[in-house]
Each structure stands twice: as C-alpha cells, then as structure tokens.
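Peer 1: Starting off with a structure, shown below.
What follows is calculated from the coordinates using simple rules that are stated; it is not laboratory data. The structure presented is a predicted model; accordingly, all values stated were derived computationally and were not measured. Glycine also receives a Cβ, built like all others from the backbone with ideal geometry; neighbour counts cover every protein chain displayed.
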Amino acid sequence: MPAPSADDLKRLPLRAIVAYAVRWAERVRPGLTLSEPALTDEQVAAVDAAIAAARNFAEGRNAPARPEDA
C-alpha cells in the first residue's frame, strides 16, 4: 500500500494524522539507538516522551505523557 499523499492527509482529522505519524515513529524508533549510538539516555527519553505525547493526543487523552506510563 503506497503512502498517503498530502491531499489524502488533508482530508483526515488532525488526530488521525497524528495517529498515523505515531505509528511510523514507533516503527522507526528501535533503529534510533542503533543508528545513533552517541545519543544520551536523556535524548532517547525525550524522543520516547514526544511519541507518548503524540499517542495521547491521537487517542483523545489530555494527560501529560510520561514514557514510563506508555
């Protein structure tokens, strides 16, 4: 299945677009520490927190995201 076009994404609600981005972020996240071994634990935690915050938004939750709660 081809990636959606910009026009396809424009027709979706914002939360659906964010959910799509979260799915891709979660797919590539394991490669982050493999391809960038110089990243600190703090930097990796920041990426995880951003993904968790986006997931919370996409799911309609307003609570702040914490990686350990994800």
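Peer 1: On a 0 to 90° scale, report how tilted helix 14-35 is relative to the longest principal axis of the chain, with both axes built from alpha carbons and the result rounded to the nearest 10.
Peer 2: Orientation of helix 14-35: about 30 degrees from the principal axis.
Peer 1: For a quick protection proxy, order the peptides 15-25, 33-43 by their average other-Cβ count within 10 Å, most packed first. Each step should come with its number before you reach the end.
Peer 2: Values: 15-25: 15.0, 33-43: 9.3.
In descending order of packing, they fall as 15-25, 33-43.
Peer 1: How big is D for the chain, in µm² s⁻¹ as a whole number, if Stokes-Einstein is applied with the Kirkwood radius of its Cα pairs at 4 °C and 1.567 mPa s? Can you show the working numbers first?
Peer 2: Details: Rh = 13.3 Å.
Answer, rounded: 97 µm²/s.
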